[in-house]
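Below is one structure, written out as structure tokens; comments come after it.
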Amino acid sequence: MSKKRSLLQTFLIPFGEIPASAAVVAGAVIWILVFGFWAFATYGGYVADMFLPVPDAVIRRGIALASDGTLFVHMWSSIKVVLLGFLVSAAISVPLGLYMGTYKIVQAMLEPMVNFIRYLPVTSLVPLFILWIGIGIEQRITVIFFGTFFSQLVMISDEARAVSRDLLNASYTLGTKRSEAVWHVIFPAALPGIINTLRVTMGWAWTYLVVAELVAANSGLGFISLKAMRGFQVDTIFLAIVLIGLLGLVSDLFFRFLRRRLAPWAA
């Protein structure tokens, strides 16, 4: 009894560690509750199929689309758009964000414009992207880029700005040149926060997928979702939603793994 009480007390300690088995059980309980409520609401007839399909209908739809390879074509199309848009965004925002957070002159130049642009709704700019770029994959990549880049820039600059000045001064004492400080001191110190920023904004990239595939797309999970909406195929819509969520979860786990490998001191 005392052992159970001490375990319960462990759970209630702020920032306290919990056993790995407890974390797995807690996560599984939530999933069981969600799917249990879904099954209860649909199989019990409390919600009509046109609003919420039964779980096995979604599974059958997935098997049907996977059997002829269609599902994998759509998945790869969406993955390609998200990855390209995100990678281009990250490749620019990481170095630029570091300089923006380190040098006041760069911050003074970029911050007003960046803070203005990042509040613009991406959906309202889709017609402009089509006018400027066309309706190919470049337009979809631009939507992902625009939806993530400016927020990445602000968050990464904040991480760079938060690096301890004592750490920077100590590096000067040990012989680091001022021109080397950004990449030899500030970047390693800010790396855990940068990876967290990329993890969070990767989630935003997946949420912009449907917007990216809203117009003139002929493949992708967002495309099949919008196409299914016109035919009231709710099971297909749910399938696309579930797959986007699972792909997002995989990318989230990847960045968690990357943080543990590249910044184990901050894990």
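Our estimate of slack between Ile135 and Thr176, defined as 0.36 nm per intervening residue step minus the Cα-Cα distance, is 9.9 nm.
With the chain treated as a Gaussian network of Cα nodes joined by springs under 10 Å, which of Leu214, Leu87, Leu167 yields the largest mean-square fluctuation? Maximum among the listed residues: Leu167. In this label model, Ile117 and Trp204 are separated by 1.3 nm, measuring between points 7 Å along each Cα→Cβ vector. Only one item in (1) 1, 5, 9, 12, 13, 13, 12, 11, 9, 7, 4, 2, 1, 0, 0; (2) 1, 5, 12, 15, 17, 15, 13, 10, 7, 4, 1, 0, 0; (3) 1, 4, 6, 8, 9, 10, 11, 12, 12, 11, 8, 5, 2, 1, 0, 0, 0 matches P(r) over Cα pairs in 5 Å bins from 0, in percent derived from the coordinates shown, and that item is (1).
Arranged from highest to lowest average of other beta-carbon atoms within 10 Å per residue, in what order do the peptides 195-202, 61-68, 148-155 appear?
Details: 195-202: 19.9, 61-68: 14.1, 148-155: 22.4.
The peptides rank, most packed first, as 148-155, 195-202, 61-68.
Helix 20-43 and the longest principal axis of the Cα set of the chain meet at an angle near 30°.
Work out the length of the dipole vector of the chain about its Cα centre, built from +1 on the beta-carbon of each Lys and Arg and -1 on the beta-carbon of each Asp and Glu, and round it to the nearest 20 debye. Write down the numbers at each step before the final one.
Details: 20 positive and 13 negative charges, 122 e Å.
So the magnitude is around 580 debye.
Considering only Ile156, Ile224, Ile18, the mean-square fluctuation computed in a Gaussian network model of the chain, springs between alpha carbons under 10 angstrom, is largest for Ile18. Calculate the FRET efficiency for Ile63 and Phe257 from the Cβ-Cβ distance with a Förster distance of 41 Å, rounded to the nearest 0.05. Calculated transfer efficiency: 0.85.
About the Cα centre of the range 1-131, what is the dipole size in debye to 20, counting +1 per Lys and Arg Cβ and -1 per Asp and Glu Cβ, all else neutral? The partial results should precede the final answer.
Values: 8 positive and 5 negative charges, 76 e Å.
My answer is approximately 360 debye.
Estimated at 0.36 nm per residue, the fully extended path between Met229 and Ala41 surpasses their Cα-Cα distance by 65.5 nm. Cβ-Cβ distance of Leu246 and Thr70, R₀ of 22 Å, FRET efficiency by 1/(1 + (r/R0)^6): the value works out to about 0.80.
Computed packing ranks the peptides 120-127, 10-17 as 120-127, 10-17, most packed first, by mean other Cβ atoms within 10 Å.
Between Lys80 and Ala26, the simple label model (points 7 Å from Cα in the Cβ direction) yields a spacing of 4.1 nm. Would you be so kind as to identify which of Val29, Phe40, Trp183 lies farthest towards the positive end of the dipole of the chain, taking Lys and Arg as +1 and Asp and Glu as -1 on Cβ and the Cα centre as origin? After comparing all options, I get Trp183.
Tell me, in nm to one decimal, what length is gained between Val54 and Lys104 on full extension, where the rule is 0.36 nm per residue of separation less the Cα-Cα distance?
Numbers: separation 50, 0.36 × 50 = 18.00 nm, distance 5.60 nm.
Difference between extended and current length: 12.4 nm.
If you run the Gaussian network model on the chain, springs between alpha carbon atoms under 10 Å, then out of Asn218, Asn169, Asn115 the most flexible one is Asn169.
None of the figures in this text is laboratory data; all of them are computed from the coordinates on show. Small disclaimer: the values here were computed from a predicted structure and weren't measured. Quick reminder, even Gly has a Cβ in these numbers, built from the backbone with ideal geometry, and neighbours come from all protein chains shown.
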